Amino acid sequence: MTNSMIPNSLIPGTKANASDLNENFAALANAITQMKNSASADISNLNDTLNDMVEKVNNEKADKSDLITEFTITEEETDLNNYKKKGTYIFSENYTPLNIPKGTAGILIVTGDETSVIKQIWFSGNENNEIFTRNFSNSEWSDWQSSTGISNCDNPGYLRFANGLILQWASHTSHTITYPIAYTTFAAPLFTKAGYNAGAARSDTGIVSQKLTGFNIGSSGAFNHMQWIVIGI
């Protein structure tokens, strides 16, 4: 039976014709050469494909500097207004930045995109656990806003909530009260007077005037001091 690569069939036990043998050997050599050339072409194509893949990976791989997202700042008076690249920035007391919302040390997280909105989140350091946020939009930074609330627990003190509500309090000996934080829309103060004089014919105490920045009281009786609390936005 004739093989596709061998043109002439040989009958076992008979003497082969020399020309048939030569033709068969030539056909076999030609087939081997074709197989060799085909294999070389396949290997060459494989090498080209691998080279293309390696080049693509090299072109598209991330820069090592882009993979580092945490930075310890060791420069004095750097400006937080300039921090617009995504990452985490650590500031010690020795390198307090400008435009810090509160305190002298902390951690700044920057996220977002300058083409839309960039957000900064400031975690106050040391003994202060306040968190502040602000946005960069339309080429300017918004004011820092406390998201944790407690800003000052002294006398006077205040509690500022994330929704804008502000609660303030104090104990004063003065008739004139100025709030630590001025309100912008509405303020409702309450107070109690400390002082008693049994000999006074008439005792009356009340708010004489009120503004978003504070209030004044008048008292016709004995007045030692007062405690006050105000809530507003």
message: touching a Lys or Arg at 6+ places or on another chain (Cβ under 6 Å) and under 16 Å from G232 (Cα atoms): is that true of I166 in this structure?
response: yes
- prompt: What do you reckon, is A188 in contact with a Gly (Cβ under 7 Å, 6 or more places away or on another chain), assigned to a loop (DSSP other than H, G, I, E, B) and of a type in the set (G, A, S)?
  reply: no
Odd one out for Q145, checked against (1) open to solvent by 50 Å² or more (accessible area, probe 1.4 Å); (2) under 20 Å from K85 (Cα atoms); (3) at pLDDT below 90: (2)
Subset of segment 162-181 [more than 40 Å from the chain's Cα centre (by Cα) and open to solvent by 60 Å² or more (accessible area, probe 1.4 Å)]: T173, H175, T176
- line: Within segment 76-96, residues within 17 Å of E114 (Cα to Cα), part of a helix (DSSP H, G or I) and of a type outside the set (A, V, I, L, M) come out as N81, N82
query: Which of the following residues is farther than 30 Å from D143 by Cα and of a type outside the set (V, I, T): F223, F161?
result: F223
statement: Reported set for segment 75-98 where residues are out of contact with any strand residue (DSSP E or B) (no Cβ under 6 Å at 6 or more places or on another chain), surrounded by 15 or more Cβ atoms within 10 Å (Cβ to Cβ) and polar (S, T, N, Q) is T78, T96
message: Filter segment 203-233 down to the residues that are at positive phi and without any contact (Cβ under 8 Å) to a residue 24 or more places away in the chain and list them by number.
response: none
query: Out of (1) at pLDDT 90 or above; (2) in contact with a Phe, Trp or Tyr (Cβ under 9 Å, 6 or more places away or on another chain), what's the single condition that is false for T192?
result: (1)
query: Quick one: T49 ticks every box in (1) modelled with pLDDT of 80 or more; (2) open to solvent by 50 Å² or more (accessible area, probe 1.4 Å) bar one, so which box is it?
result: (1)
message: Filter segment 117-142 down to the residues that are assigned to a loop (DSSP other than H, G, I, E, B) and open to solvent by 70 Å² or more (accessible area, probe 1.4 Å) and list them by number.
response: N126, E127, N129, N138, S139
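The values are calculated or read from the model by the stated rules, or taken from the named source; none is laboratory data. The structure displayed is predicted, hence computed values, not measured ones. All Cβ positions, glycine included, derive from the backbone under ideal geometry; neighbour counts span all protein chains shown. Just so you know, the surface numbers come from the protein's heavy atoms only, side chains and all, with ligands and any DNA or RNA stripped out. Shrake-Rupley method; radii C 1.70, N 1.55, O 1.52, S 1.80 Å.
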